[in-house]
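Peer 1: I am attaching a structure below and will ask some questions about it afterwards.
The values are calculated or read from the model by the stated rules, or taken from the named source; none is laboratory data. Please read these numbers as outputs of a predicted model, since none were measured by experiment. Ideal geometry is used to build each Cβ from the backbone, glycine not excepted, and the neighbour counts take in all protein chains shown. For accessibility, only protein heavy atoms count, side chains too; no ligands or nucleic acids. Shrake-Rupley method; radii C 1.70, N 1.55, O 1.52, S 1.80 Å.
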Amino acid sequence: MKVYDAASIRNVALVGHSGSGKTQLASALLAVSGMVNRFGKVDEGTTVTDFDEEEISRKHTLSASLAYVEWNRQKINLIDTPGIGNFLSDARAGLHVADAALVVVDAVAGVMVQTEKVWEAAAELALPRLVVLNRLDRERASLERALQSLRDSCGRTVIPIQLPIGEERNFKGVVDLIARKAYVYQTDDSGKYAEAAIPADMTTAVESAREALIEMVAENDEQLMEKFFEAGTLTDEELLAGLRNATVGAKVFPLVCTSALLNIGTQPLLDAIVTDLPSPLDRPFKALDKNGTETARGADDKLPGSAFVWKTIADPFAGRITLFRVVSGSLKADSNIFNKTRDAAERFGNLLLLQGKTQSSMPEIKAGDLGAVAKLKDTLTNDTLGDRTDPIHFPAIKFPEPVLSYAIEPKSRGDEDKISTAMHRLEEEDPTIRYSRDPQTKELLLSGQGQLHIEVTVAKLKRRFGVDVNLKPPRIPYRETIKSATEAHGRHKKQTGGHGQFGDCKIKVEPLPRGADFEFVDDIFGGAIPRQFVPAVEKGIQDARTRGYLAGYPMVDFRVTVFDGSYHDVDSNELSFKLAGSLAFKDAMTRARPTILEPIMNVEVYAPSDFAGDLMGDLNGRRGRIAGMDTRGAMTIIKAQVPMAEMLTYEQHLTSATGGRGSYHMEYSHYDEVPSQLQTKIISAAKAERAGVEVEEV
Ligand SMILES: Nc1nc2c(ncn2[C@@H]2O[C@H](COP(=O)(O)OP(=O)(O)OP(=O)(O)O)[C@@H](O)[C@H]2O)c(=O)[nH]1
Ligand SMILES: [Mg+2]
């Protein structure tokens, strides 16, 4: 593989709703460009970019991966990304280091919820976008319907530069609207095609679509607009140049037609990537100078070497593999580099290009290109590598916080140490998971973006690190609080024989607003409790409140004021006041009307409108409050607030209720009081659990 200059590179991320055909499309592009000998299929588990066992068995991309294609003396880097909501942060990471997106859309379903999400993510980065209308060979595929949904959701400047020849099962090629050429494909998925005359029944449609394209391009360029008014049209050269400008400027979004499975439309797509999409030279990379002011760094290989780390792979054998974009300069194998985020020297050994899982060594990788390196010591995702004296940093990709926690336990005792080493490696690879220990129950917790995300993480744990764990049902992080203010008294006294113990305090407790957590106020005057023992009172109350009162959940959102007490010259000590504090807390709880709080989630459901009524009824049944409804074409978006406890089984429900056509997203909103009949259940469940633990310990 030769070393490419920025001018000859295109970095494109394939993004879109799950199942739109991104991985299959990458496979077709690799096949027709001769990069691989065999046309890999998702359904046979033979694609280049879904190489992970978990991806092969689930037939879904779960992690972004790289491939490259040489086409017309240019190098196209393809970043295949996941379309499943739980894994969308990897699509964001991919977009972050791309110069353009291929937004792959299913011609049957049109725009879906993740299409909108990735479209917004690309828009935030002002990325040029090429829309690939795929699966045109499927029953009920329709350019008109899909285009309508695209215009509704993504804007009116999505514009076809091709028309499909034939419909559904008879889809067999495309007409290039600019060159007015038809390409008719063999139906054996070989990707072989012949140039042909535009089918007679398409000439009117082709001319009017071409007219629409010319108007769209003219509309986005003042000079072309004038020419268009004078001449009534644009020349082919003007149209080509105008289309490229408007596309690179993210004003116009050209649409092409494909069947990734039948390998139709692939070469014209590669041509469009090369002609219409920007090279890294066109898109300076966002950077921060030494004052943290936003600036940009061009893909100039004469500047000091710099790179941004966008992904880390935890390989149990090869160690860490660090994926980066060379932003400026040229990075060389066997050289020293500096990690500016962590202030650490690093050593580059082999520089690698990734073709899926296949690595090839490069002597150097230049500005604008995507590469990888193994075995860095300290470098993690989002780090800036470069020259120690070069005052530039690259802003981090924002990853979402986990929304759901499951308790995990090793199947074989003694695996605990192994779990924690392996989980730390997986956390490096996936910044959207967390591994922790529940301070109350001492259980190991695995937190992530949803049930599927947790399951996939557990599968990786087993396959890559040989650690088998049981997943326990997710624990709802309940809290407790109080509803009334009250005063209380705690006295600990043990003065029979030997050295006695004496501590005594009076406290006031009062509720605070949601989210205020806990406050302790020392309001002792005149030495009723000696100074040095007040912290012991606080410690006693802190210990008691983290153990909760009703069901063992931490008590929050209240204030404790210690205002009086008494002591004994000889017998008072810290322990006695700690116990007095804890007794006062327990006494207070008998009158402060303690109650249980639960997390409430913001939920967004996206499904065909036919299901809207049923889905809303179901959300009501889950104690949800519907906050709004919106329709987009044939789809409805329902927004609601629902207790987390009611959402644990939602994924399965939604899939079966909508035949897999609905999807949803949720995030934490706030805490709210649990209805009293449910509190009774939580309290008895907690009691039963405690009894169980005690029995086990005997
Ligand atoms: N008929 C037909 N099937 C296709 C086409 N493209 C993809 N498929 C099939 O659609 C399914 C999904 O394709 P993928 O390439 O895995 O979709 P994806 O967008 O990568 O999905 P995620 O990785 O989950 O985001 C597979 O069964 C493919 O064989 C197409 O153009 N026509
Ligand atoms: Mg995929």
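Peer 1: For a test of the definition: using alpha carbon positions, the gyration tensor, and the 1.5 limit on a/c, classify the range 1-143 as rounded, prolate or oblate.
Peer 2: Because its axes are fairly even, with a/c under 1.5, the range 1-143 counts as rounded.
Peer 1: Another question, if that's okay. Using a 7 Å offset from the Cα along the Cα-to-Cβ direction at both Ala123 and Ala516, what is the distance between the two label points in nm, to one decimal?
Peer 2: Between Ala123 and Ala516, the label points sit 4.0 nm apart.
Peer 1: While we're looking at this one, here's another question. Which net charge results for the neighbourhood of Pro199, defined as the other residues with beta-carbon distances under 14 angstrom from its beta-carbon, given Lys and Arg at +1 and Asp and Glu at -1?
Peer 2: Result for the neighbourhood of Pro199: -2.
Peer 1: What whole-number value in Å² describes the accessible area per residue of the chain for a 1.4 Å probe?
Peer 2: 44 Å²
Peer 1: I would also like to ask the following. Quick one: with all protein chains in place, what share of the accessible area of the range 173-285 is carbon or sulfur, to the nearest percent (1.4 Å probe)?
Peer 2: 52 percent
Peer 1: Using Cα positions and a limit of under 14 Å, work out the aspartates and glutamates in reach of Lys493, with same-chain residues fewer than 8 apart set aside.
Peer 2: Partners within reach: Asp504, Asp569, Asp571, Glu574.
Peer 1: Of the options Gly552, Gln501, Gln542, report the single residue whose Cα projects farthest towards the positive end of the charge dipole of the range 500-555 (beta-carbon charges: Lys, Arg +1; Asp, Glu -1).
Peer 2: Gly552
Peer 1: Excluding same-chain pairs closer than 8 in sequence, count the lysine pairs in the range 558-687 whose Cα atoms lie under 29 Å apart.
Peer 2: Total qualifying Lys-Lys pairs in the range 558-687 comes to 5.
Peer 1: Using 1/(1 + (r/R0)^6) with R0 = 25 angstrom and r between the beta carbons of Ala318 and Arg437, what's the FRET efficiency to the nearest 0.05?
Peer 2: Rounded to the nearest 0.05, the efficiency is 0.30.
Peer 1: Calculate for the chain the 222 nm mean residue ellipticity that helices alone would give, adding -39,500 (n - 2.57) per DSSP H run of length 4 or more and normalising by residue count, nearest 500 deg cm²/dmol.
Peer 2: After summing the helix terms and dividing by the residues of the chain, the value is -9000 deg cm²/dmol.
Peer 1: Would you please give the residues with an amide H less than 5 Å from that of Arg10, counting only those at least 5 places away or on a separate chain, with H modeled from the backbone geometry?
Peer 2: Lys75, Ile76, Asn77
Peer 1: Right, something else. Round to the nearest 10 and give me the degree value, 0 to 90, for the angle of helix 236-248's Cα axis relative to the longest principal axis of the chain.
Peer 2: Between the helix axis and the principal axis of the chain, the angle is about 10 degrees.
Peer 1: Further question on the same structure: Can you list the HN-Hα couplings for the range 449-461, worked out from phi with the Karplus curve (6.51, -1.76, 1.60; θ = phi - 60°), rounded to whole Hz and with x for Gly and Pro?
Peer 2: In residue order, the calculated couplings are 8, x, 4, 4, 4, 5, 4, 5, 5, 5, 5, 5, 4 Hz.
Peer 1: Could I ask something else about it? Can you tell me the FRET efficiency between Asp43 and His424 if r is taken as the Cβ-Cβ distance and R0 is 30 Å, rounded to the nearest 0.05?
Peer 2: 0.25
Peer 1: Distance cut-off 20 Å, Cα to Cα: go down the list Lys59/Lys418; Lys117/Lys172; Lys286/Lys340; Lys506/Lys539; Lys290/Lys377 and report the pairs above it.
Peer 2: Beyond 20 Å: Lys59/Lys418; Lys117/Lys172; Lys290/Lys377.
Peer 1: Turning to a different aspect of this structure: Modelling each spin label as a point 7 Å along the Cα-to-Cβ direction, I'd like the Asp523/Glu574 distance in nm, to one decimal.
Peer 2: 2.7 nm
Peer 1: Give me the percent of the accessible area of the range 307-395 that comes from carbon and sulfur atoms, probe 1.4 Å, all protein chains in place.
Peer 2: Answer for the range 307-395: carbon and sulfur cover 51 percent of the accessible area.
Peer 1: Also: When the Debye formula is applied to the Cα atoms of the range 170-251, each taken as the same point scatterer, what base-10 log of I(q)/I(0) results at q = 0.19 Å⁻¹?
Peer 2: -0.85
Peer 1: Under 14 Å from the Cβ of Gln186, count the other residues' Cβ atoms, weight Lys and Arg +1, Asp and Glu -1, and hand me the total.
Peer 2: With Lys, Arg at +1 and Asp, Glu at -1, the neighbours total -2.
Peer 1: Okay, moving on. Just the Cα atoms of the range 201-355, one point each, no solvent: what log10 I(q)/I(0) does Debye give at q = 0.10, 0.20 Å⁻¹?
Peer 2: -0.62, -1.28
Peer 1: Could you derive backbone 3J(HN,Hα) for the range 421-436 from the dihedral phi with the Karplus parameters 6.51, -1.76 and 1.60 (θ = phi - 60°), listing whole Hz in sequence and x where the residue is Gly or Pro?
Peer 2: Along the range 421-436, the couplings run 4, 5, 5, 5, 5, 5, 5, 5, 6, 10, x, 9, 10, 9, 10, 8 Hz.
Peer 1: Subtracting the Cα-Cα distance from 0.36 nm times the residue separation, let me have the gained length for Asp201 to Lys586 in nm, one decimal.
Peer 2: Computed gain between Asp201 and Lys586 is 130.1 nm.
Peer 1: Amide H to amide H under 5 Å from Thr61: which residues, 5+ apart in sequence or cross-chain, H placed 1.01 Å off N in plane?
Peer 2: Gly83
Peer 1: Then there's this: Along the charge dipole of the chain, Cβ charges K/R +1 and D/E -1, which of Val104, Gly232, Ala528 sits furthest on the positive end?
Peer 2: Ala528
Peer 1: Same structure again: Tally Lys and Arg at +1 and Asp and Glu at -1 over the other residues with C-beta under 9 Å from the C-beta of Ala407: what net charge comes out?
Peer 2: Result for the local shell: -1.
Peer 1: Moving to a separate point now. Step through the residues of the range 199-205 one at a time and calculate ³J(HN,Hα) from phi using the Karplus curve (6.51 cos²θ - 1.76 cosθ + 1.60, θ = phi - 60°), rounding each to whole Hz and writing x for Gly and Pro.
Peer 2: Coupling constants for the range 199-205: x, 4, 6, 10, 4, 5, 4 Hz.
Peer 1: Of the DSSP beta bridges with both residues in the range 1-159, give the percent that are antiparallel, rounding to the nearest 5.
Peer 2: The answer is about 35 percent antiparallel.
Peer 1: Further, regarding this structure: Going toward the positive end of the dipole of the range 332-444, with +1 on Lys and Arg Cβ and -1 on Asp and Glu Cβ, which of Ile397, Gln355, Ile337 do you reach last?
Peer 2: Gln355
Peer 1: Size of the dipole of the range 247-315 about the Cα centre, Lys and Arg at +1 and Asp and Glu at -1 on the beta carbon, nothing else charged, in debye to 20?
Peer 2: Roughly 180 debye for the range 247-315.
Peer 1: Next up: Summarise the accessible area of the range 1-133 (1.4 Å probe, protein heavy atoms) by the percent that is carbon and sulfur.
Peer 2: Carbon plus sulfur share of accessible area: 44 percent.
Peer 1: Once amide H atoms are placed 1.01 Å from N in the peptide plane, what residues at a sequence separation of 5 or more from Asp383, or on another chain, have their amide H within under 5 Å of its amide H?
Peer 2: Excluding prolines and chain starts, which carry no amide H, the hits are Val309.
Peer 1: What does the charge dipole of the chain about its Cα centre add up to, to the nearest 20 debye, if the Cβ of each Lys and Arg holds +1 and the Cβ of each Asp and Glu holds -1?
Peer 2: In debye, rounded to 20, the chain gives about 1500.
Peer 1: Residues in the range 633-648, backbone N under 14 Å from the label point at Lys398 (7 Å along the Cα-to-beta-carbon vector): list them, ranges by number please.
Peer 2: none
Peer 1: Let me ask something else about it. Under a plain spin-label model, where a point goes 7 Å from the Cα along Cα-to-Cβ, how far apart in nm are Arg151 and Ala657?
Peer 2: Result: 3.3 nm between the two label points.
Peer 1: Further, regarding this structure: Sort the following peptides by mean Cβ neighbour count (other Cβ atoms within 10 Å, averaged over residues), highest first: 246-257, 275-286.
Peer 2: The packing order, highest mean first, is 246-257, 275-286.
Peer 1: With just the Cα atoms of the chain, tell me how far they stretch along each of the three principal axes, in Å, largest first.
Peer 2: That works out to 108, 61, 54 Å along the principal axes.
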